[in-house]
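In what follows, a structure is listed as structure tokens, so that the remarks can point back to it.
The values are calculated or read from the model by the stated rules, or taken from the named source; none is laboratory data. The structure presented is a predicted model; accordingly, all values stated were derived computationally and were not measured. Counting neighbours? That spans all protein chains shown, and the Cβs are built from the backbone with ideal geometry, glycine included. We work out accessible area using only protein heavy atoms, side chains counted, and drop any ligands, DNA or RNA first. Shrake-Rupley method; radii C 1.70, N 1.55, O 1.52, S 1.80 Å.
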Amino acid sequence: EEIATALRATRLPLRIILTVPSEREEAVRNEAARLSLDAEFVVAPNRGRDILPFLRLAGKLLDEGEDVVLKLHTKRSTHRQDGAAWRAELLDRLVAPDRAAAIVSAFADDPKLGVVAPEGHMQPLSFYWGANAANVEYLCALAGVPQPRAESDQFVAGSMFWCRLSALAPLIDTPLSSAEFAPEAGQVDGTLAHAVERMILLTAEHQGFRAVSAASLMGIPEPKGPYAYARRT
């Protein structure tokens, strides 16, 4: 409901597609009906969290000629006391009514704009790098993307962003099977899904696209201080 309300407030003509784990299909369809949410459903096994379904759907949308996509997910982060605040902040910085239309216009005006991330959430790739290094290096080799520079490259923490699908084409086309993604067990970090999250900006840069924060597009200051959601709690 939180996300549906935020999307409606943008007043943009959105095509809404929900990727749903098989065991939650009935519950999500019922909730969508309760909210009168006009949405398409893509139902798949609960493998690869929000990431693997997104990649597969992104390939389909690219083939259909879609251009710009807003990726959101019902992020819970129950391992953190501030998980709900993390989700709400990501959502607000991407789809607040005064932002969403401006972001869409920016993509229309600049064909080399590849990713718009929520400000404060573009973090150094070196954060918690040890658990993810091998998987990211594997994905780079598979996608034909140069190996990362962990100290200078960045990733979008929280895995919510606007993107131009063509900026992610090498990652979308990477031949990943569901068997490569670990069965869901509440993992906090270090899975292949977490590594794909760290590939978004690497891939867009390799494709020659720009990645910017929503704040920079809006002409407002970037938040200062350490990343609140990377501290251990």
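Here is how the numbers come out for the structure above:
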{"item": "Top positive-direction residue, dipole computed over the chain with Cβ charges, set Leu176, Ser22, Ala85", "result": "Ala85"}
{"item": "Asp173 - accessible surface, heavy atoms, 1.4 Å probe, Å² rounded to 10", "result": "110 Å²"}
{"item": "Net charge dipole size for the chain [Lys, Arg +1 and Asp, Glu -1 on Cβ; Debye, nearest 20]", "result": "380 debye"}
{"item": "Segment 65-169: trypsin sites (Lys or Arg not before Pro) in DSSP coil with no more than 12 other Cβ atoms inside 10 Å", "result": "Arg76, Lys112, Arg149"}
{"item": "Solvent-accessible heavy-atom area per residue, rounded to whole Å², over the chain at 1.4 Å", "result": "50 Å²"}
{"item": "Share of carbon and sulfur in the accessible heavy-atom surface of the chain [1.4 Å probe, %]", "result": "52 percent"}
{"item": "Thr74 accessible area, 1.4 Å probe, all protein chains in place, Å² to nearest 10", "result": "110 Å²"}
{"item": "Most mobile listed residue (Pro111, Pro148, Pro221) in the chain, GNM with C-alpha springs under 10 Å", "result": "Pro221"}
{"item": "Tensor-based shape of segment 94-233 (alpha-carbon gyration tensor, a/c under 1.5 rounded, otherwise prolate or oblate)", "result": "oblate"}
